[in-house]
1. Considering each residue of the stretch 21-43, count those that are in a loop (DSSP other than H, G, I, E, B) and among the aromatic types (Phe, Trp, Tyr), and give that number.
2. Please go through the stretch 47-69 and pick out each residue that is of a type outside the set (D, E, K, R), in contact (Cβ under 8 Å) with a residue 12 or more places away in the chain and more than 6 Å from the ligand (Cβ to nearest atom).
3. Just one of (1) part of a loop (DSSP other than H, G, I, E, B); (2) surrounded by 11 or more Cβ atoms within 10 Å (Cβ to Cβ) trips up Leu47, so point out which.
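What follows is calculated from the coordinates using simple rules that are stated; it is not laboratory data. These numbers come from a predicted model, not from an experiment. Every residue, glycine among them, receives a Cβ derived from its backbone with ideal geometry; neighbour counts consider all protein chains shown.
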Amino acid sequence: TGGVMLNITPEELAQHNKETDAWMAIGGIVYNVTEYLSFHPGGEEELMRGVGTDATKLFNTVHSWVNYQSLLKSCIVGRLKTIGNSTI
Ligand code: HEM
């Protein structure tokens, strides 16, 4: 990831947990998935399970092969600020 990236805290991420305002962190990057919700092949309800959270593990459990970086490249909000060595 290059360029200037906003640092998003887990607290800020947690506030965007609605269908009309849906953020999700995957692999250390925070995405605004609001527009993607209605396109998700697994349905809105499934995608909503990870909204407002670091959904990396959940995402990888369901479909680690899906290229979210490409699908969501226009939806980047910033990077997830982590504490210590907790990671993606
Ligand atoms: C499919 C869940 C996030 C893209 C699915 C399916 C489930 C699911 C259960 C299977 C649907 C079926 O086969 O009937 C979830 C959960 C997520 C999540 C729980 C996070 C909380 C995402 C994200 C993306 C994505 C962020 C892309 C940006 C896809 C795609 C498929 C899919 C492309 C079809 C995969 C295939 O058929 O191989 N998802 N999803 N998902 N999801 Fe997600």
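1. So the first thing to find is which residues in the stretch 21-43 are in a loop (DSSP other than H, G, I, E, B), and the list is 27-28, 33-36, 40-43.
Still in the running and among the aromatic types (Phe, Trp, Tyr): 36.
Selection size over the stretch 21-43: 1.
2. Met48, Val51, Gly52, Thr53, Thr56, Gln69
3. (1)
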